[in-house]
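Worksheet: one structure, shown below.
What follows draws every value from the coordinates through simple rules; no lab data is involved. All of these numbers come straight from a predicted model, not from anything done at the bench. Positions of Cβ are generated from backbone atoms using ideal geometry, with glycine treated the same way; all protein chains shown enter the neighbour counts.
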Amino acid sequence: MTKRPFLTSVWHVFIFGALALPGSTFADMLDGVEGAHAIAMHGAVKYSPDFKHFDYANPNAPKGGAMYLHRIGTFDTFNGFIVKGNPAADVSRIYNSLCTQSADEALTMYGEIAEKIYMPEDRSWVAFKLHKQARWHDGQPITVDDVIWTFNMLMSEGSPFFRFYYNNVGEVVDAGEHVVRFNFKPGKNQELPLIVCQLPVLPKHYWLEREFNKTTLEPPLGSGPYRIKSFEAGRSVTVERVDDYWGKDIPTEKGFHNIDEIRSDYYRDSDISLEAFKAGEYDFRHESSSKDWATAYDIPAVKEGDMIKRRFDNSRPTGLQGFVFNIRRDLFKDIRVRKALMYAFDFEWSNQNLFYGQYERSTSYYSNSELAASGLPGDDELKYLAPLKSQIPGEVFTSTYEPPAGGGPRAMRKNYRVAAKLLKEAGWVVKNGRLVSEESGAPFQFEIMLGTPAWERIVLPFGKNLEKLGIEMTVRTVDTSQYRRRLDTYDFDVIVNTFGQSQSPGNEQRDYWSSTSATLEGAGNYIGISDPAIDTLIEQIIAAPNRKELIAATRALDRVLQWGHWVIPHWHISYDRVAYWNKFGIPQVTPPQGYQRGAWWVDRNKAEKLKGRLKSEE
């Protein structure tokens, strides 16, 4: 992990930010800006200052009971803020952030640790007045010093993601009267105040006695609605609700965190965990397998209503899942090669024979949203694309992006011919049934690395198609620890990955596609893209002054990514597939972002009936 270049500037911020500016008063530090309960990326916020709870939460939900969940793989640390180790997923429950995002708006942040948010019209800084009652689980107050320390530690020792996300923060200062102010570097970054809102806050007094950049299985100190109760290393984690949680009565928390105890057990793979679920070993399953959704739940528990199988619609962007090329490998540097391999993937056949017709083909990095590019670019997008014309693929301006269609042997024969022609142009020829380099004679062979065997049934037919082109593709499924390490060091040829997106893309795009992230260990630029035109488009998204311009700039970037053929696109759905044992109460309202499991509660009557029915079947 590359850290040292960041230390000098970050620790300067730490020293500078530890105290208020000399001679400055509280009023001076806030420039006369009025505090607000929430801020929106664009437009007005939905909920008024006196709102009591989010519409998709039940403030009268009863507390109590237990929920049992599952995870795949293993864990070896409770520190999820650094590159090292495999963090336990449940640790996020023990922390609070400065603000929390609503699930029924594109991007609006409401105060959590922050009681008030201060932001000038030009968005050149943002400040937060902390709730005076905010406490760590050991009873000590959450302070401005905690916020400053957290930011600087994440920037110096945390995952590279934080450095991309908060790159435009210039300094963090104590503004007095329980207020912390983030001053931004020159330039337009409309999203920056909102993503600073997302900053998790860590206890300085706890971590000063420990090494932050090390993995640890010591349960850390938090401030959130849960604390770690117990764990078995690599196998299970149990968190318990904090009865005297300081934030239980603030509007953003009302109706959430209703369950007393949540236990997550870790399983080797999805197949084993599915059988455990049907046997009643855990309560809830977000189903990712179309095959299992179609076939595995034809069981008495579902028919009798003991287990509920339910679709929750959503309108959140699905991002893009696909076979991701690592263009750091010489084999994939040529765009013609990447394009040729796309012709060998038969989505239509896979959807019919493997996925039971459940999916739509993805054509955009921002699928299922208004951010997705389609057709030819209009004037609003050309404003961003035209100045880059000499640097981006010509098809961006002349053609509608559509992945090649398959549908069985006859349709694929045409695709193979196109692929063979592209490979020939790129210097690859078939000799004795094998595709080899015309120059060196080296065979065309590569490996797809998987983190779960569930993908093998999908990947192997793709390999059979590639064989028809003389290409040797192998599949390697590795354990969770090895998979993460090889991702962090870009030690793979091709992976299956999803680039998740929000309704308001911004600074995280640097982590996905920027030239800087292409060489930084642990970053999210798995492809290895290093392209000045893409860097320019990312910064224009970040600087977009309003929603209209954000959409246009994002669609422009989408087109350039599409025609780079960096990924063989997969598929998506616009709903969540969920199965759960019938013991829960669920709010009536499902927001656009989808179901909110944190707002569920254990219904005692349902739980007792279920327990009785299952006991009678023993």
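Among residues other than P461 with Cβ under 11 Å from its Cβ, the summed charge is -1 (Lys and Arg +1, Asp and Glu -1). The local environment of Y165, defined by Cβ-Cβ distances under 13 Å, has a net charge of -1 under the rule Lys, Arg +1 and Asp, Glu -1.
Among T400, T74, T554, T318, which comes first, then next, by fewest other beta-carbon atoms within 10 Å? Could the numbers behind the result be given before it?
Values: T400 12, T74 16, T554 31, T318 23.
Least crowded to most crowded, the residues run T400, T74, T318, T554.
Normalised by the number of residues in region 320-572, what is the relative contact order in percent for Cα pairs under 8 Å and 6+ residues apart? If you can, show how the numbers build up before the last one.
Numbers: 406 pairs, mean separation 86.3, N = 253.
Once normalised by length, the contact order is 34 percent.
Can you check what the net charge comes to around T252, using other residues whose Cβ is under 12 Å from the Cβ of T252 (Lys, Arg +1; Asp, Glu -1)? Within the 12 Å Cβ shell, the charges total -1.
The lysines within cross-link reach of K611, meaning a Cα-to-Cα straight distance under 19 Å and a gap of 8 or more places when in the same chain, are K63, K278, K303, K309, K583. Across region 57-70, computed HN-Hα scalar couplings (Karplus, 6.51 cos²θ - 1.76 cosθ + 1.60, θ = phi - 60°) run 10, 9, x, 9, 4, x, 9, x, x, 9, 10, 10, 10, 10 Hz from first to last residue, x flagging Gly and Pro. Peptides 258-265, 503-510 ordered by packing proxy, namely the average of other Cβ atoms within 10 Å per residue, highest first: 503-510, 258-265.
Computed over the alpha carbons of the chain, Rg followed by Dmax gives 25.5, 81 Å. The ranking of T498, T108 from fewest to most other beta carbons within 10 Å of each one's beta carbon is T498, T108. Rg/Rh for region 320-572 (Cα atoms only, Rh after Kirkwood) is 0.96.
How high is the relative contact order of the chain, in percent, counting Cα pairs under 8 Å that sit 6 or more residues apart?
Values: 1211 pairs, mean separation 126.7, N = 618.
Once divided by the residue count of the chain, the mean separation gives 20 percent.
The Cα-based radius of gyration of region 4-207, divided by its Kirkwood radius, gives an Rg/Rh of 0.97.
Which of K214, K609 comes first, and how do the rest follow, when ranked by fewest Cβ neighbours within 10 Å? Show your work: numbers first, answer last.
Details: K214 12, K609 15.
Ascending number of Cβ neighbours within 10 Å: K214, K609.
Between amide H atoms placed 1.01 Å from N, distances below 5 Å from M307 occur with V302, N582, all of them 5 or more places distant or on a separate chain.
When shorter helices are ignored and each DSSP H run of at least 4 residues is given -39500 (n - 2.57), the per-residue value for the chain at 222 nm works out to -8000 deg cm²/dmol.
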